[in-house]
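Undergrad: Okay, handing you the structure first.
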Amino acid sequence: MKRYQGLPASGGIAIGPAWVYRPVRVQAERRGVQHPDEEWQRLEEAIHQARVQLEALRTRALATAGEEEAAIFEAHALFLDDVELLARVRQAIFEEQINAEAAVEESFEHYAAMLQALDDAYFQARAQDVRDVKMRLLRILMGVEDSAAAALDHPAIILAEDLTPSDTIQFPRDAILGLATVRGGPTSHTAILARALGVPAVVSVPLDLDAIPAGTTVVLDGDSGEVLTSPTTVVLAAARSKERQWQQQREEATRHAHRPALTRDGHQVEVVANIGGVEDARQALSMGAEGVGLFRTEFLYLDRTDMPGEEEQIEVYRQVFELMEGRPVVVRTLDIGGDKPAPYLDVEPEPNPFLGWRAIRMMDRRPDVLGSQLRALLVAAGQTDADLRIMLPLVSRLDEIEQARALLEEARTSLMAQDVPLPGRLQFGMMVETPAAALLAHHFARTVDFFSIGTNDLTQYTLAVDRTNERVAHLASPYHPAVLRLIAMTIEAAHARGKWVGLCGEFAGDVQAVPLLLGLGLDEFSMAPVSIPAVKEDIRRWSLSLCRDIAQKALELPTTEAVRRYLQEVAP
Amino acid sequence: MPALSLIVNHPAGLHARPAAEFVKTAVSFPCAITVRNVTDDKPPVNAKSILSVLTLGVNQGYEIEVTAEGERAEEALTAIAELVNNNFGE
């Protein structure tokens, strides 16, 4: 037995076989080139691909860890836009006439070294971020697999020299029993991610990785910072009993999350998850999601040059439906636009992508895209006994519902003619994310089965605030009384027609908003899986009758600040 | 050339979100903008480059000097001053 002392980074006990993670090391070789313009083009393509990868990681982090963790990958994407860095790479390629790999290596290292030399730990930690982005570009340029992390195929305790946030987020969640790194501090991204994922972790452990064969039994204590290899029988038995205790505590917390969300006076609301793929669906279930309130399907369409085939779509939908085992799944049809160009869909960059040809509006010139998606959804749901709820994004006109419904009927008829089994349950609904949809909710409520309020966009469109513009972003608050009134109107109009209303923006996962949304009569709260246990717990402390009074009072207040202050008073 | 001195009061200094917002504000103007760490007396860098701004190592309470030259220079300085003085909107 060997005992190593590190720094505790994320609580809990883990016992399991060692798996030593050795990241793919790519070494940029420096060579002269004849055609610098070709090198530059290779680099531009690599940057584009890196951006797509980072966006995927961001989405994954958003679902499995949270917003703070997702911001790590947003920051990485910023480096790819850096004018000085790109100028340096450009100069190396065109003036020194060297290959793109070497130019990237030298230019990124220049900044990493400068950051490393600063005497503040926070700035030094950014050197690791710069190197993480550098390695990503080098792997793309050299055609090496994105990460060796995905190779982990059995539950294990991961031992590594160091882990970048990209590595950590890419390990299959079910396979991570615990994490131990030789380097890194308790405030490193990896430690933050481990805590968000609920995985025991220890950092700064003086492990000799070469001396630990794969499969060696490891005991990792994330509370004391201790790591033991090949423990004696006595030590192992003690660790096992400690592990059981910890697991019991955890199960209890999860059981709580798996209990329904009932207010003190017995009113039940549905608490469901926003997901972007199969892995998220798994995470959602473990966090106590009662279904899916928003399944974003954009990932099927991004980073490719042709339409995803129907078979490919069916496969993905089927996997999610099977996992959810008959729980409701709200699938949002493709919501893509000029901010994420996809040439094969005729989606091009536009001056105002959020006011442009996007989402449901693509139906006029490209009915085939929605048509094929609807067919795939019907087939997948028919195979799996899913509770499928199809949701249209960015609706502002009643005829959009009519046209989409016609496409759905067309898909249904043609599948029926081919004797393809159709889903037994099917709802057809829409997002309320334009003021037009909220103001006309009483008309829309006749034509659809449900609404889901997208507060991020509803806020942006109602207040005319671009959330990505830093100078005005702080104005974009869903607590603005104008937004609250539109939410209230939508719910009232739906209930008058016996339809249900969900909310799938960040607002639903905001504990401060819980009494307000309960009081307005919201039926379904949909959020990032990690937020579910806390929101469920909060719902249980309120009574519906009190929330109704709170909501009525809040609706009468004149400003965002007054609403927030009022909520802080009633729900400290 | 218009210039101004500012004190960074944000606990993170010019790091993380404040650094990103600082750069985003600079990028939204056509003029050339530089920023210098006065406290540690380091040479000025391009305010539109996040990596350059990070390498200044500006911590809470540090003094920075921002200069702008070209189209809408005065306006850019006002916007940056507003951002820093409002503690990056927090």
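Undergrad: Against the longest principal axis of chain B, how steep is helix B:16-27, in degrees 0 to 90 to the nearest 10, with axes from Cα atoms?
TA: The answer is roughly 10 degrees.
Undergrad: Taking 7 Å along the Cα-to-C-beta vector as the label spot, tell me the A:E312-A:A175 distance in nanometres, rounded to one decimal.
TA: Going from the A:E312 label point to the A:A175 one covers 2.4 nm.
Undergrad: How much length would be gained if the chain were fully extended between A:H256 and A:A71, taking 0.36 nm per residue of separation minus their Cα-Cα distance, in nm to one decimal?
TA: 63.7 nm is the gain from fully extending A:H256 to A:A71.
Undergrad: A further question on this structure: Nearest 10 degrees, 0 to 90: what angle lies between the long axis of helix A:481-496 and the longest principal axis of chain A (Cα atoms)?
TA: Approximately 60 degrees, to the nearest ten.
Undergrad: Please report, to two decimal places, log10 I(q)/I(0) for segment A:428-476 at q = 0.13, 0.14, 0.25 Å⁻¹ as given by the Debye formula with identical point scatterers on the Cα atoms and no solvent.
TA: One equal scatterer on each Cα of segment A:428-476 leads to -0.34, -0.39, -0.83.
Undergrad: Please identify the trypsin sites (Lys or Arg not before Pro) of segment A:338-427 that satisfy two criteria: DSSP loop assignment and at most 11 other Cβ atoms within 10 Å. Which are they?
TA: Of the trypsin sites (Lys or Arg not before Pro), the ones in loops of segment A:338-427 whose Cβ has at most 11 other Cβ atoms within 10 Å are A:R365.
Undergrad: Mind giving me the FRET efficiency for A:A237 and A:L209? R0 is 25 Å, r the Cβ-Cβ distance, nearest 0.05 is fine.
TA: In this case the efficiency is close to 0.40.
Undergrad: Nearest 500 deg cm²/dmol is fine: what mean residue ellipticity at 222 nm does the protein assembly as shown get from its DSSP H runs of n ≥ 4 alone, each adding -39,500 (n - 2.57), divided by its residue count?
TA: -14500 deg cm²/dmol
Undergrad: Given a Förster radius of 51 Å and the C-beta distance between A:L546 and A:E402 as r, what FRET efficiency does 1/(1 + (r/R0)^6) yield to the nearest 0.05?
TA: 0.80
Undergrad: Still on this structure, I have one more. How big is segment A:263-570 on each of its three principal axes, counting only the C-alpha atoms and giving the largest first in Å?
TA: Computed over the Cα atoms, the extents are 59, 44, 34 Å.
Undergrad: Which loop-located GluC sites (Glu not before Pro) does segment A:58-130 contain, where loop means any DSSP state but H, G, I, E or B and the Cβ has at most 15 other Cβ atoms within 10 Å?
TA: A:E95, A:E96
Undergrad: Just how large is the dipole of segment B:3-89 about the Cα centre, in debye to the nearest 20, putting +1 at every Lys and Arg Cβ and -1 at every Asp and Glu Cβ?
TA: That gives a dipole near 300 debye.
Undergrad: Can you compute the modelled spin-label distance between A:D368 and A:N456, with each label point 7 Å from Cα toward Cβ, in nm?
TA: Rounded to a tenth, the inter-label distance reads 3.0 nm.
Undergrad: For chain B, what ratio Rg/Rh do Cα atoms give with a Kirkwood hydrodynamic radius?
TA: Using only Cα positions, Rg/Rh for chain B is 0.91.
Undergrad: On to the next question. In cubic angstrom, how much convex hull volume per residue do the alpha carbon atoms of segment A:189-291 span?
TA: Roughly 158 Å³ of hull volume per residue.
Undergrad: Follow-up question, since we're still on this one. For chain B, with a Gaussian network of springs between Cα atoms less than 10 Å apart, report the residue from B:V27, B:V35, B:V66 with the top mean-square fluctuation.
TA: The residue with the greatest mean-square fluctuation here is B:V27.
Undergrad: Please turn the phi angles of segment A:330-342 into ³J(HN,Hα) values with the Karplus equation 6.51 cos²θ - 1.76 cosθ + 1.60 (θ = phi - 60°), one per residue in order, whole Hz, x for glycine and proline.
TA: For segment A:330-342, the Karplus curve yields 8, 9, 8, 5, 2, 10, 10, x, x, 6, 10, x, 9 Hz.
Undergrad: Let me ask something else about it. Going through segment A:471-572, which trypsin sites (Lys or Arg not before Pro) have at most 12 other Cβ atoms within 10 Å and a DSSP loop state?
TA: A:R541
Undergrad: Still on this model: With θ set to phi - 60°, apply the Karplus curve 6.51 cos²θ - 1.76 cosθ + 1.60 along segment A:200-216 and write out the HN-Hα couplings as whole Hz, x wherever there is a Gly or Pro.
TA: x, 8, 10, 10, 6, 9, x, 7, 9, 4, 6, 8, 10, x, 4, x, 4
Undergrad: Using θ = phi - 60° and the Karplus relation 6.51 cos²θ - 1.76 cosθ + 1.60, list the HN-Hα couplings for segment A:540-556 in order, rounded to whole Hz, with x at every Gly or Pro.
TA: The phi angles translate into 5, 8, 9, 10, 4, 5, 5, 4, 4, 5, 4, 5, 4, 5, 4, 5, 8 Hz.
Undergrad: Let me know the Rg and Dmax you get for segment A:210-270 when you use only its Cα atoms, in Å.
TA: For segment A:210-270, the Cα-based Rg and Dmax read 18.8, 60 Å.
Undergrad: Which whole-number percent of Cα pairs in segment A:36-141 have a distance greater than 24 Å?
TA: 26
Undergrad: Here's something else I'd like to know. Show me the three semi-axes of the equivalent ellipsoid for segment A:228-365, from the C-alpha gyration tensor (sqrt of 5 times each eigenvalue), largest first, rounded to whole Å.
TA: Taking √(5λ) for each eigenvalue gives 42, 22, 14 Å, largest first.
Undergrad: Can you pull the Rg over Rh of segment A:356-413, Cα-only, Kirkwood?
TA: Checking Rg against Rh, the ratio lands at 0.98.
Undergrad: Would you mind getting me the FRET efficiency between A:Q91 and B:A3? Use the beta-carbon distance for r and R0 = 25 Å, nearest 0.05.
TA: 0.35
Undergrad: Any idea which of A:G454, A:W542, B:P43 is furthest toward the positive side of the dipole for the protein assembly as shown, if Lys and Arg beta-carbons carry +1 and Asp and Glu beta-carbons -1?
TA: Farthest along the dipole direction, towards plus: A:W542.
Undergrad: Just the number: Rg to Rh for the protein assembly as shown, Cα atoms, Kirkwood Rh, two decimals.
TA: For the protein assembly as shown, the value is 0.97.
Undergrad: About the Cα centre, and with charges only on the beta carbon of Lys, Arg (+1) and Asp, Glu (-1), how big is the dipole of the protein assembly as shown? Nearest 20 debye, please.
TA: 1800
Undergrad: So, counting K/R as plus one and D/E as minus one, what does the shell of residues with Cβ under 15 Å around B:M1 add up to?
TA: Within the 15 Å Cβ shell, the charges total -3.
Undergrad: In addition: In the protein assembly as shown, what percentage of the DSSP-assigned beta bridges are antiparallel, given to the nearest 5?
TA: Percent antiparallel among DSSP bridges in the protein assembly as shown is about 45.
The numbers here are math on the coordinates, done by the rules we state, and not lab data. For clarity, every value in this text was computed on a predicted model and none was experimentally measured. Here Cβ is always computed from backbone atoms with ideal geometry, including for glycine, and neighbour counts include all displayed protein chains.
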